[in-house]
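Q: Input: one structure, supplied below.
The values are calculated or read from the model by the stated rules, or taken from the named source; none is laboratory data. This one's a predicted model, so the numbers in the text were calculated from it and none came from an experiment. Here the Cβ positions follow ideal geometry from the backbone for every residue, glycine too, while neighbour counts run over all protein chains shown. The area values use the complete protein model at the heavy-atom level, side chains included, leaving out ligands, DNA and RNA. Shrake-Rupley method; radii C 1.70, N 1.55, O 1.52, S 1.80 Å.
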Amino acid sequence: MLIRNAPDVRSSEVTDERQYLRRREFIRLAAVSPAASTPASGDQSPLQIAKHVVTTDEKVNTFEQITNYNNFYEFGSDKSDPARYAGQLHTSPWTVKIDGHCARPADYHVEDLIKPFELEERIYRHRCVEAWSMVIPWVGIPLASVLRRAEPTSKATFVEFTTLLRPSEMPGQRDPILNWPYTEGLRMDEAMHPLAILAVGIYGKTLLNQNGAPIRLVVPWKYGFKSTKSIVRIRFVDRMPHTAWSDQNPSWYGFYSNVNPDVSPVRWDQSRERRLPGLFATRKTLIFNGYGDQVASMYAGMDLRKNY
Ligand SMILES: Nc1nc2c(c(=O)[nH]1)N[C@H]1C(S)=C(S)[C@@H](COP(=O)(O)O)O[C@H]1N2
Ligand SMILES: [Mo]
């Protein structure tokens with residue numbers, strides 16, 4: 001079993017890095033302190049982590065920061081709306097459909113989807129198109145592992161990701177701000193890239209709903225909106241899929257959406273960023289969010305100004 005049901009750790013115990021490291025010891029020993037209270041947005045269970053991948057030595061954001069400043073338009077457009085309203089979403093049971101151009105399409109309970117694979121902690125920079133950024137200790141599995149198991153055919157040139165559609169629990173879906181359900185997409189080689197993960201946790205425990213429980217995409221060299229939350233469908237397709245944000249404003253949001261300090265099609269200047277909890281955009285943004293040595297070759301020969 002990869003996901004263990006265990007009593008909660010108080011959210012006040014998961015506030016800073018030092019405590020996190022200490023708590024990680026607890027998780028390793030499978031000795032979790034007894035529940036005293038429940039976090040605002042649902043229960044969290046500890047996860048058994050096999051491997052740690054650190055891609056930056058920058059300070060990791062606190063649990064409080066990562067879970068209280070969110071974009072999840074299904075729960076409203078304010079940064080505090082997801083933490084306030086996402087608790088009402090039922091994330092269990094949860095099924096993920098894998099279909100389209102593949103030899104082994106299937107519907108998986110989310111637990112079965114990840115069960116065959118070892119969970120890894122991945123400390124990644126996270127860059128929102130609104131020019132703020134964080135460093136987040138995700139827990140997840142390579143997206144490629146899940147895709148390979150489905151045996152995509154040669155027709156599969158892109159992968160489409162779809163978020164749950166459930167307006168009764170996602171009040172933002174009652175407003176036509178976006179074409180619900182939220183969809184996103186990656187080219188096949190991007191989806192197979194080892195940096196792309198399906199995340200099921202943060203700070204060693206299962207995701208809170210505001211971060212996209214029970215399973216969400218993380219693509220660290222792209223703007224945050226590519227990282228679809230609360231995924232119910234992964235589909236292999238043979239053409240570039242529609243995506244929620246480029247449907248809403250095609251001149252602002254391109255399909256590729258690679259972090260690029262030289263291209264600012266949206267009203268935010270992308271050359272700098274505000275590292276939360278800071279107030280000012282003092283940090284220089286790096287091409288591909290600093291992951292260029294690993295991903296730039298996928299875009300060789302492409303005009304990144306046109307293909308933003
Ligand atoms: N379904 C869905 N996924 C989504 C969004 C959303 O509104 N709905 N927002 C995106 C944006 S703009 C960002 S920056 C990240 C934020 O992830 P976080 O709140 O876990 O930091 O989620 C992305 N995934
Ligand atoms: Mo974002």
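Q: Which numbered condition trips up Pro181, out of (1) in contact with a helix residue (DSSP H, G or I) (Cβ under 9 Å, 6 or more places away or on another chain); (2) more than 16 Å from Ser246 (Cβ to Cβ); (3) assigned to a loop (DSSP other than H, G, I, E, B)?
A: So the condition that Pro181 fails would be (2).
Q: If Leu208 passes every condition in (1) within 16 Å of ligand 2 (Cβ to nearest atom); (2) closer than 24 Å to Arg125 by Cβ but one, which one does it miss?
A: (1)
Q: Need at least 2 residues that are of a type in the set (D, E, K, R) and touching a strand residue (DSSP E or B) at 6+ places or on another chain (Cβ under 8 Å) per element, so show me which strands (runs of 3 or more DSSP E) inside the range 63-163 make the cut, counting only ones lying wholly within it. Even if it seems obvious, please write down each step before you answer.
A: On the way: elements: 95-100, 106-109, 120-127, 132-142, 158-163.
So the answer is 95-100, 120-127.
Q: Here's something else I'd like to know. Out of Pro265, Pro277, report the one residue that is in a loop (DSSP other than H, G, I, E, B), of a type outside the set (Lys, Arg) and either open to solvent by 80 Å² or more (accessible area, probe 1.4 Å) or farther than 15 Å from Phe225 by Cβ (or both).
A: Details: Pro265 fails: either open to solvent by 80 Å² or more (accessible area, probe 1.4 Å) or farther than 15 Å from Phe225 by Cβ (or both).
Result of the check over Pro265, Pro277: Pro277.
Q: Scan the range 211-262 residue by residue and report those that are within 16 Å of ligand 2 (Cβ to nearest atom), among the polar types (S, T, N, Q), surrounded by fewer than 20 Cβ atoms within 10 Å (Cβ to Cβ) and part of a loop (DSSP other than H, G, I, E, B).
A: Across the range 211-262, the qualifying residue is only Asn249.
Q: A further question follows. Of the residues Val259, Val263, Val218, Val237, which single one is touching a residue at least 12 places away in the same chain (Cβ under 8 Å), within 26 Å of Leu47 (Cβ to Cβ) and of a type outside the set (D, E, K, R)? Give the steps one after another, and end with the answer.
A: Numbers: Val259 fails: within 26 Å of Leu47 (Cβ to Cβ); Val263 fails: within 26 Å of Leu47 (Cβ to Cβ); Val237 fails: within 26 Å of Leu47 (Cβ to Cβ).
The conditions single out Val218.
Q: Open to solvent by less than 20 Å² (accessible area, probe 1.4 Å) and touching a strand residue (DSSP E or B) at 6+ places or on another chain (Cβ under 8 Å), is that true of Leu198? Quick ask: steps written out before the conclusion?
A: Values: open to solvent by less than 20 Å² (accessible area, probe 1.4 Å): yes; touching a strand residue (DSSP E or B) at 6+ places or on another chain (Cβ under 8 Å): yes.
For Leu198, the condition - open to solvent by less than 20 Å² (accessible area, probe 1.4 Å) and touching a strand residue (DSSP E or B) at 6+ places or on another chain (Cβ under 8 Å) - is met.
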